[in-house]
Amino acid sequence: MREIYFITGNKGKLLEAEKKLSDLDVRIIQKNIGYPEIQADTLEEVAEFGVQYLVDKVKDTFILEDAGLFIDALKGFPGVYSAYVYKTIGFNGILKLMEGIRDRGAVFRSVYAYKEPDSPALFFIGECRGAIATKNRGSNGFGFDPIFIPSGSTRTFAEMSTEEKNSFSHRGKALEKLYDFLENRIKLA
Ligand code: IMP
């Protein structure tokens, strides 16, 4: 069985990856060593910097993921600053910023980086459009889940099981691409 290190401190992200990749012959091992999340314009740049920072420190195959919530009416804010905004004002702060705003449209984006020793990093991107709720609902998941309603549902991510969230989510879509890649990679090995 292949071992892939997932560089993350986020148990929610780990659970989502384990569920999505569970029928492949791979074992996802969490490695919570941290890496700098630079201030950049895109998630891809943040992920790429993380990979370069970790390359000398992790000798085995690893993945990392960077995600963000881009709100239309706030011109894409918090976007690449989502982690900082979550830590400081949280989802209640976002609900406050959105008070009285009718355009609730938003998109979650996820970028997975996959790095094998001696090969360039590969990136898998997923997006999920949806709306910012007017009140927080649900207690599953993490981060902004209680205030995000994906298109095609009336419930927030926090009102869904991990499997159901994965079927809609930005990370689920990026993971599907990673899944297809790994399936072929395993066949060819
Ligand atoms: P990062 O990818 O860990 O930097 O995530 C950025 C911020 O967005 C964090 O505060 C996360 O809690 C939040 N976030 C990322 N993905 C999700 C998600 O699937 N649901 C809710 N919040 C998320």
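The values are calculated or read from the model by the stated rules, or taken from the named source; none is laboratory data. All values reported here derive from a predicted model rather than from experimental measurement. Please note: Cβ atoms are built from the backbone with ideal geometry, for glycine as well, and neighbour counts cover all protein chains shown. Heavy atoms of the whole protein, side chains included, go into the accessibility calculation; ligands, DNA and RNA do not. Shrake-Rupley method; radii C 1.70, N 1.55, O 1.52, S 1.80 Å.
Quick check, is SER169 under 15 Å from the mean Cα position of the chain (by Cα) and of a type outside the set (Val, Ile, Thr)? Against the criterion (under 15 Å from the mean Cα position of the chain (by Cα) and of a type outside the set (Val, Ile, Thr)), SER169 qualifies.
Against the numbered list (1) open to solvent by 40 Å² or more (accessible area, probe 1.4 Å); (2) touching a helix residue (DSSP H, G or I) at 6+ places or on another chain (Cβ under 9 Å), LEU69 comes up short only at (1). Consider only pairs whose beta carbons are under 8 Å apart and that are at least six residues apart or on different chains; among these, list those whose first residue lies in the stretch 155-184 and is modelled with pLDDT of 95 or more and open to solvent by 10 Å² or more (accessible area, probe 1.4 Å) and whose second residue is more than 10 Å from the ligand (Cβ to nearest atom) and assigned to a helix (DSSP H, G or I). Close Cβ pairs (under 8 Å, with a partner that is more than 10 Å from the ligand (Cβ to nearest atom) and assigned to a helix (DSSP H, G or I)) amount to GLU176/LYS20; TYR179/LYS20. Applying a threshold of 9 Å to beta carbon distances and a minimum spacing of six or more residues, or different chains, the list of pairs starting in the stretch 40-52 at a residue that is within 12 Å of the ligand (Cβ to nearest atom) and ending at one that is among the basic types (Lys, Arg) reads LEU43/ARG109. Scanning the stretch 53-83 for residues that are more than 10 Å from the ligand (Cβ to nearest atom) and of a type in the set (Gly, Ala, Ser) turns up ALA73, GLY76. Cβ separations smaller than 6 Å between residues 6+ apart or across chains give the following pairs from the stretch 84-112 residues that are touching a residue at least 12 places away in the same chain (Cβ under 8 Å) and within 13 Å of the ligand (Cβ to nearest atom) to residues that are open to solvent by 20 Å² or more (accessible area, probe 1.4 Å) and assigned to a helix (DSSP H, G or I): VAL111/GLU44. Suppose the filter is open to solvent by less than 30 Å² (accessible area, probe 1.4 Å), over 14 Å from the mean Cα position of the chain (by Cα) and not β-branched (Val, Ile, Thr); does ALA133 pass it? In short, yes.
Scanning the stretch 136-171 for residues that are near the ligand (Cβ under 9 Å from one of its atoms), of a type in the set (Gly, Ala, Ser) and touching a Lys or Arg at 6+ places or on another chain (Cβ under 7 Å) turns up GLY141, ALA158.
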